[in-house]
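Have a look at the structure below, then the notes.
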Amino acid sequence: MAHAAPDPFNKPSKAAPASSPATEQTSRVAVVADQRDVARLLASQAKAALGVSPVVLTFDEADDLFAIRPDLVLVAADDDGTRWRLLAEEFEGVFRLALASFTPTVDDAAEAMRLGMSDLLVLDAPKRELARRIGVMVTRAPRRRGPAPKPLTLTPTPTNASDVVDTDLVTVRAEFGVLARLELDVESLLRTTLEYVLHKIGPTNAAVFLPTAGDEFTLGAYVNYDCPKDCVDMLLDHVAASVAPAIESDPTLRVHRGDDALDELMGEHAAWLTGCEAVTFAAEHDGEMLAAVALFRDDRDPFDATTLRRLGVIGDIMAQQLARIIRVHHRHIPMDQWEENEGHSDEPPMGLSVDLSISRDACSAFDPSKRAWLIGHTARISEQLDLEGELRVRIVGDSEMAAAHERHLGDPTTTDVLTFDLADGAAARGAPVDADLMVCIDEAGRRARQHGHTLERELLLYVVHGLLHCLGHDDHDEASYQRMH
């Protein structure tokens with residue numbers, strides 16, 4: 001996959017900053033910040049120091065640090081100082097932490113020292129000095145090898161049982177949080193959710209229902225563990241008609257044990273769950289129910305307290321990711337078609353603008369109905385990467401791609417994708433994307449048949465590859481190729 005210089009100039013890609021032997025092995029850095037401009041500044045300085053882009057998280061996503069296992073965590077101070085102090089207490093002794101602030105106070109410095117943080121970075125300092133100090137902290141960080149560290153209690157000296165955070169829930173939040181954010185459409189997210197639920201709580205029957213127009217619900221996904229196959233469809237219809245509306249009325253996580261509880265839940269349809277125990281809850285975001293979840297299994301294998309706590313965490317994460325997916329989807333719908341009660345402003349949300357064009361020699365091979373799919377999935381991926389700016393994608397055939405390949409890189413053969421980064425690497429430092437991509441539909445067709453997936457998915461892979469080039473990745477040597485792919 002080729003990375004071409006912006007036309008008409010054929011400038012070589014800039015080399016990544018050289019790393020010391022110590023930093024070559026330990027380049028895992030995470031940035032925790034709620035303000036996007038601060039996150040970009042810290043991320044750019046970490047990239048300048050190490051040559052590798054860090055992982056950027058919000059404070060709400062900080063539990064994902066257990067899965068990422070960074071050698072250094074750069075924590076941006078929030079306005080009132082509450083969140084960074086709580087985070088420092090949670091991860092003291094687990095990761096090397098440093099505080100970053102535009103206007104640090106003496107109290108901030110004293111508190112950071114008390115909490116064992118490695119440094120206090122002043123964000124107004126010269127960028128070269130910030131990058132140097134980040135590099136020093138990484139070289140001094142302990143090497144993290146082998147299995148991931150087990151989550152610890154979030155307070156160093158608990159005084160009673162209520163002061164100890166359930167380490168099992170921290171693990172669930174970290175594991176499922178990472179899995180959920182990888183899913184970029186509703187169907188995939190629901191499938192992953194149910195698979196993870198079965199992994200954590202054991203065999204059970206489960207169904208997720210999505211609200212539609214009016215007061216009706218449609219089945220989004222389900223798992224059938226022990227229901228007779230010939231009646232499962234009818235059972236799900238009854239659950240959709242009675243249980244889903246009941247969940248909407250009472251969205252809290254509830255256990256329904258015994259005949260009386262099931263009668264209250266399902267009414268005249270309760271006989272379908274005779275001998276079962278049920279759990280119901282809603283995936284809610286900002287007061288809106290995005291999905292209704294129902295689980296049931298033999299009452300001889302009841303849902304215990306640990307299972308209920310796990311389901312509460314899973315439901316929260318599922319709701320957050322559903323909200324992200326819905327928000328990105330609406331970006332590509334005309335504003336007059338958005339639901340009036342969704343709380344959108346008059347302006348569409350900021351993000352990556354994607355323009356797709358198709359050359360004449362590629363038109364016959366491209367299904368126009370897949371245009372919205374390709375644009376939508378590109379935008380969803382850019383949302384996960386927190387990208388803004390403009391991306392222009394042109395789908396071409398072999399002849400046009402081969403001509404461009406020779407013109408820009410001196411190779412007369414066709415290829416899969418050419419990247420023209422008009423921002424000249426600035427997106428890797430947090431600037432908006434400004435890029436043109438050429439992707440070859442003929443090459444995509446050959447590769448798709450070889451790998452056994454669809455043409456549009458292969459084209460999406462090429463678009464993602466081009467975006468990664470804009471974010472500073474390359475595949476010019478074997479190690480870089482393996483990391484990028």
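Summary table
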item: Tally of residues being open to solvent by 40 Å² or more (accessible area, probe 1.4 Å) and at pLDDT 85 or above across the range 309-354; result: 4
item: Wholly within the range 57-129, strands (runs of 3 or more DSSP E) carrying at least 3 residues that are closer than 23 Å to residue 387 by Cα; result: 72-76
item: Residue match in the range 452-462 (condition: at pLDDT below 85 and surrounded by fewer than 16 Cβ atoms within 10 Å (Cβ to Cβ)); result: yes
item: Cβ-Cβ under 8 Å pairs, at least 6 apart or on other chains, the range 249-268 side on the phi < 0 side of the Ramachandran plot, far side aromatic (Phe, Trp, Tyr) and modelled with pLDDT under 90; result: 266/272
item: Criterion violated by residue 79 - all others in (1) surrounded by fewer than 19 Cβ atoms within 10 Å (Cβ to Cβ); (2) within 15 Å of residue 34 (Cβ to Cβ); (3) within 25 Å of the chain's Cα centre (by Cα); (4) of a type in the set (D, E, K, R) satisfied; result: (3)
item: Subset of the range 32-76 [surrounded by fewer than 19 Cβ atoms within 10 Å (Cβ to Cβ), touching a strand residue (DSSP E or B) at 6+ places or on another chain (Cβ under 7 Å) and closer than 14 Å to residue 101 by Cα]; result: 35
item: Odd one out for residue 402 among (1) on the phi > 0 side of the Ramachandran plot; (2) modelled with pLDDT of 85 or more; result: (1)
item: Candidates 129, 90 - the one that is open to solvent by 40 Å² or more (accessible area, probe 1.4 Å), more than 29 Å from the chain's Cα centre (by Cα) and not aromatic (Phe, Trp, Tyr); result: 129
item: Matching helices (runs of 4 or more DSSP H) fully within the range 182-283 where at least 3 residues are within 30 Å of residue 464 (Cα to Cα) and aliphatic (A, V, I, L, M); result: 186-201
item: Residue 212, sole failed condition from (1) within 33 Å of the chain's Cα centre (by Cα); (2) in contact (Cβ under 8 Å) with a residue 24 or more places away in the chain; result: (2)
item: Single condition residue 95 does not satisfy, out of (1) modelled with pLDDT under 85; (2) under 23 Å from the mean Cα position of the chain (by Cα); (3) surrounded by fewer than 18 Cβ atoms within 10 Å (Cβ to Cβ); result: (3)
item: Residue 386, sole failed condition from (1) in contact with a strand residue (DSSP E or B) (Cβ under 7 Å, 6 or more places away or on another chain); (2) buried (at least 16 other Cβ atoms within 10 Å of the Cβ); (3) not hydrophobic (A, V, I, L, M, F, W, C); result: (2)
item: Lone qualifier among 283, 305 - being small (Gly, Ala, Ser) and either within 30 Å of residue 325 (Cβ to Cβ) or modelled with pLDDT of 90 or more (or both); result: 283
item: Residue match in the range 414-422 (condition: at pLDDT 90 or above, open to solvent by 20 Å² or more (accessible area, probe 1.4 Å), in contact with a strand residue (DSSP E or B) (Cβ under 8 Å, 6 or more places away or on another chain) and farther than 16 Å from residue 393 by Cα); result: yes
item: The range 98-120 - residue that is in contact with a Leu (Cβ under 6 Å, 6 or more places away or on another chain) and open to solvent by less than 30 Å² (accessible area, probe 1.4 Å) and, of those, nearest to residue 43 (Cα to Cα); result: 100
item: Search result, residues across the range 292-302 that are buried (at least 16 other Cβ atoms within 10 Å of the Cβ) and either under 18 Å from residue 208 (Cα atoms) or free of Cβ contacts under 8 Å to residues at least 40 places away in the same chain (or both); result: 292, 293, 294, 295, 296, 297
item: Complete set of residues in the range 432-464 that are over 30 Å from residue 41 (Cα atoms), without any contact (Cβ under 8 Å) to a residue 24 or more places away in the chain and among the aliphatic types (A, V, I, L, M); result: 448
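Residue-by-condition table, conditions (1) over 29 Å from residue 322 (Cα atoms); (2) surrounded by 15 or more Cβ atoms within 10 Å (Cβ to Cβ); (3) out of contact with any helix residue (DSSP H, G or I) (no Cβ under 6 Å at 6 or more places or on another chain):
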{"site": "225", "(1), (2), (3)": "no, no, yes"}
{"site": "230", "(1), (2), (3)": "yes, no, yes"}
{"site": "240", "(1), (2), (3)": "no, yes, yes"}
{"site": "245", "(1), (2), (3)": "no, yes, yes"}
{"site": "251", "(1), (2), (3)": "no, yes, yes"}
{"site": "268", "(1), (2), (3)": "yes, no, yes"}
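The values are calculated or read from the model by the stated rules, or taken from the named source; none is laboratory data. All values reported here derive from a predicted model rather than from experimental measurement. Cβ atoms come from the backbone with ideal geometry, glycine included; neighbour counts cover every protein chain shown. The accessibility values were calculated without ligands, DNA or RNA, using every heavy atom of the protein model including side chains. Shrake-Rupley method; radii C 1.70, N 1.55, O 1.52, S 1.80 Å.
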